[in-house]
Structure formats: structure tokens, C-alpha cells
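Below is one structure; the comments refer to it alone.
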Amino acid sequence: MKQGIFTIKSNKNLTANVLEMILEGDTSDIKRPGQFVNIKIDGLYLRRPISVCYCSENKLTLIYKTVGKGTEKLSKMREGERLDILTGLGNGFNIAKAGDKPVLIGGGVGVPPMYLLCKKLIEKGALPTVILGFNTADEIFYKEEFEKLGVKTMITTVDGSVGIKGFVTDALKEIDYTYYFCCGPMPMLKAVYNSCDTSGQFSFEERMGCGIGACMGCSCKTITGYKRICTEGPVLEKEEILW
């Protein structure tokens, strides 16, 4: 974990309530896709955890949804403003298990960590397929960004307005894959878990207090005992999950 000051380079809407923030700062402590950062916001006691969408040597891209006071304040910040951010949090995805044809499954705000994961898998020599699930067409974001990576990108919408009508599990039936990585709302995670016979990794979202493992507020029961989503998670393997 590392604490640093980041400068906002841009902060723009991707949809009505989903924004992309690009920052400049030291990202050297971010080692794996699937890790998250914890942002200090003036006037609020607790930091806000946001998954990492992309990072390079000095660039950090975060995608977040405005759902409360913290993200609402973030949405109003502009270029040049600075943020106190803890980086390198969480254990992230283990790409060594991916095989040649992994599938990456992102639902809603579970989409962002799939982007860095996809880039890392391509660098490793794998050929991922990406499935992005949304409710309606106006909620879709980052489709073009994944397509620019040269990977097959499948879209599902609950109302059928774009792509496959239904859920990410409907798209899964149409492809062959060696392994899967998944991030999204709990009902989606459960559906993928029940639909897939192969092993995989799931990134969980839990309400966090400290974000560094001290308060135990985000602990979840697994087959080997309780694990803290902020430290032993947010990524858990299928075989250790208890619903």
C-alpha cells in the first residue's frame, strides 16, 4: 500500500451517472488487475474505494458511479484538483490460471477492472473474450475501448436494446473458454457461479470501513474461514466461496 497525491487530468461522464476520472501520480504500488484504490474526500470521514480500470507509470484511470455523497463530490471535481489516494489495495486477479481462451465477465460498474485485466492477458499471450452486461442501451460504456484491444466483445442488455437480450450467462452459452474472471453485482456473480463448471475468479464488492484490513467490517465467510474483502479479497476463487 502506498499513499500519494494525484492530480486530476480529466473527469467526464460516460453515461448519465457513470464517470471516468483520469489522474496523474505514482501508480507503482498497483501490481495486479483487480486491485482498488481508496480516496480521501474532503468533509467525509471514510475514504471511498474505487476499482482500478487502468494504470501505467504515472496514469491512473478510475470509473465510478454516482451513488452517494462521496461519488457525488467526486463527480464535481475538475482538472487540476488533487486527491489523497491509497493505492495497491486488495489482492487482485491471478492471471497465471487463465489458459489460452479466458472469458472476462463484467456487469455494470463491474466492467472497469476487466479492462486492465484484458490488457494484461493479451500481453501474456492469451486471447480473451469479453462479456459486458447492462440493463439498457443507455447504460453501456467502454465497449469501443475493449474492441480497440482486438478482442471479441459481447454485449448483453436485459431489455434487448443492444446485443444479446438477457444476462451475461446467456452470452456464456455461446462461447468456449478455458477459464473465467467475473466482477459485478451479487446476483450476477451467483448466476455465473451456478452456470459454469470450470474454475474461475470472482471480484466482490463490500461496504468497507478502513479498506486496509484493520476494522474487519468487510469480512465474508469462506470454506477456510472468514476473509477480509479489502485485503484477502476482493478477488476470491470459485472453490473457496460460500454464498
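The values are calculated or read from the model by the stated rules, or taken from the named source; none is laboratory data. What you are looking at is a predicted structure, and each value in this text was computed from that prediction instead of being measured. Cβ: placed from backbone, ideal geometry, glycine included. Neighbour counts: every protein chain shown.
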### Query
Quick one: is G99 at positive phi, free of Cβ contacts under 8 Å to residues at least 60 places away in the same chain, assigned by TED's automatic domain parsing to the domain that holds C196 and more than 14 Å from the chain's Cα centre (by Cα)?
no
### Message
Give me the residue from the stretch 68-78 that is out of contact with any Lys or Arg (no Cβ under 6 Å at 6 or more places or on another chain) and not basic (K, R) and, out of that set, modelled with the lowest pLDDT.
### Response
G68
#### Entry: E81 vs. criteria of a type outside the set (G, A, S) and under 20 Å from the mean Cα position of the chain (by Cα)
no
### Summary
When the stretch 184-202 is checked residue by residue, the ones that are of a type outside the set (V, I, T) and touching a Leu at 6+ places or on another chain (Cβ under 8 Å) are S195, C196, Q201, F202
#### Entry: Subset of the stretch 78-118 (residues that are over 30 Å from E237 (Cα atoms) and in a loop (DSSP other than H, G, I, E, B))
R78, E79, G80, E81
#### Entry: Residue selected from the stretch 53-77 under the condition assigned to a strand (DSSP E or B) and touching a Gly at 6+ places or on another chain (Cβ under 8 Å), by the criterion nearest to S28 (Cα to Cα)
L60
### Query
Residues of the stretch 119-140 being over 19 Å from the mean Cα position of the chain (by Cα) and buried (at least 17 other Cβ atoms within 10 Å of the Cβ), which ones?
A126
